[in-house]
1. Place a label point 7 angstrom from the Cα of residue 328 along the Cα-to-Cβ direction, then list the residues of segment 160-187 whose backbone nitrogen is under 12 Å away.
2. Once both labels are modelled 7 Å past Cα along the beta-carbon direction, what's the residue 31-residue 57 spacing in nm?
3. Give me the percent relative contact order of the chain, please, defined on Cα pairs under 8 angstrom at least 6 residues apart.
4. What are the ³J(HN,Hα) values, in whole Hz, obtained from phi via the Karplus relation 6.51 cos²θ - 1.76 cosθ + 1.60 with θ = phi - 60°, for each residue of segment 175-183 in sequence order, with x given for Gly and Pro?
5. Taking the Cβ of residue 140 as the center, what net charge do the other residues with Cβ under 12 Å away carry, scoring Lys and Arg +1 and Asp and Glu -1?
6. With +1 on the Cβ of every Lys and Arg and -1 on the Cβ of every Asp and Glu, and nothing else charged, how large is the dipole of segment 1-149 about its Cα centre, in debye rounded to the nearest 20?
7. Looking only at 268, 332, 251, which one moves most when the chain is put into a Gaussian network model with springs between Cα atoms under 10 Å?
8. What net charge is computed for the residues neighbouring residue 82, neighbours being all others with C-beta under 12 Å from the C-beta of residue 82, Lys and Arg scored +1, Asp and Glu -1?
Amino acid sequence: MAIQDCCSQPGLRPFADAKADMLGQLDTLDTNELVPLEQALNRILAEEVTSPLDVPAFTNSAMDGYALQAADATAGQELALIGTSLAGHPFTGRVESGQCVRIMTGAALPLGADSVEMQENCTSANNRVTFAQAVRPGQNVRQAAEDVAQGEVVFKAGMRINARVLSVLASLGLEQVPVRRPLRVALLSTGDELKRPGELLAPGEIYDSNRTGLAAMLGRLGVEITDYGIIADDPTLIRQTFLKAASSHDAIVTSGGVSVGDADHTKAVLEEVGRIGFWKLAVKPGKPFAFGHIDQCAFFGLPGNPVSAAVTFHLLVRPALAKLAGEQLFPAITLQATALMPFRKSPGRMDFQRGWVETQADGSLGVVPAGSQSSAVFSAMAEANCLLHLEQDRGHVEKGDTVTLELIDGLYW
């Protein structure tokens, strides 16, 4: 009888098909709330934001210098200095021909003036200002509504509010913003061999690193986490925990227990108390990934190997949580790079290998493996700055071959 390897087993779902199927089975939650601006960081906008005002609200200077009529400014021209316009303290008169006003950056452009010359190109003495060169109309001036016009749609619903978005919302004078309520996510690990960091290890035991990493990634996404800790390899305990978590959460994220070993009970319990959307993917790492529902609660069963758990969270759980939360999540930006060393791969599964990419002397990108590609070696994962997307039917990558990758440095994980 022929022996099948892990890549040629039947029934493995192609990655793209599984992801599309999963997202199609998820509905966006529709509970919104109004929060103060200072509490809106990392939340998801529930409605589009239109500007209640022009930004800037008035035409102002982009430089420290002198406001004038451009037609008056020629090389050596001398104008009368009639006042000053400061930010928050505008000049209230009018600039006529032959006159100018001292003006600071951000100050309102006086009536009659159409341009600003920077102070470095001027000399001032006895309330007279001499200009070293000609000035063009509109020079160094920020027009009203140049940034945002009143009534303009500034952000669409689904935008995650980061520091940049928050600053724009503040510039619109918004005191409160409508956002989606945070997802409630239950997190747990299964396995008799697992111990919390700090506990003494008996022979055969290991520390539970997955839950720490997953909690950190979930925390960066702004969800409300309930940590159910480590659940023993006992179907009764697992069943009780799943049912309790499903009754009060939008999603459950587990690690471990989704393979085919004698102590792997997660899939069987999920089948008993809920429904399975799919199990086993044609991906590496992360083949034993289970997706389903318990009542209305989405369920994500991640593999126990640390790299598999992190990679499948990024590739599958992250976009699923975005769909639930109503977040507008754009596809990852991928780049082309040259393999500077061989990457081992067998056809049959989409392979997300960990790499280190750098810009070469000629400006191109070159990538090397980030240590061991074993799904149990997370130290190499921590050293990586990219994930290679190696196609399902592709074999070994030779030195000089072109590969597709996405950067992971600076992301939520």
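1. Inside the label zone: 160-161.
2. 3.7
3. Details: 931 pairs, mean separation 65.8, N = 413.
Reported relative contact order: 16 percent.
4. Coupling constants for segment 175-183: 8, 9, 9, x, 9, 6, 5, x, 5 Hz.
5. Values: positive: 136, 142; negative: 64, 114, 117, 120.
Summing Lys and Arg as +1 and Asp and Glu as -1 gives -2.
6. On the way: 8 positive and 19 negative charges, 122 e Å.
So the magnitude is around 580 debye.
7. Checking each option, the largest mean-square fluctuation is seen for 332.
8. On the way: positive: 94, 102, 128; negative: 96.
Cβ neighbours under 12 Å give a net charge of +2.
The values are calculated or read from the model by the stated rules, or taken from the named source; none is laboratory data. The shown structure was predicted, so the numbers you read here are calculated from the model rather than taken from an experiment. No Cβ is skipped: glycine too gets one built from the backbone with ideal geometry, and neighbour counts run over all protein chains shown. Just so you know, the surface numbers come from the protein's heavy atoms only, side chains and all, with ligands and any DNA or RNA stripped out. Shrake-Rupley method; radii C 1.70, N 1.55, O 1.52, S 1.80 Å.
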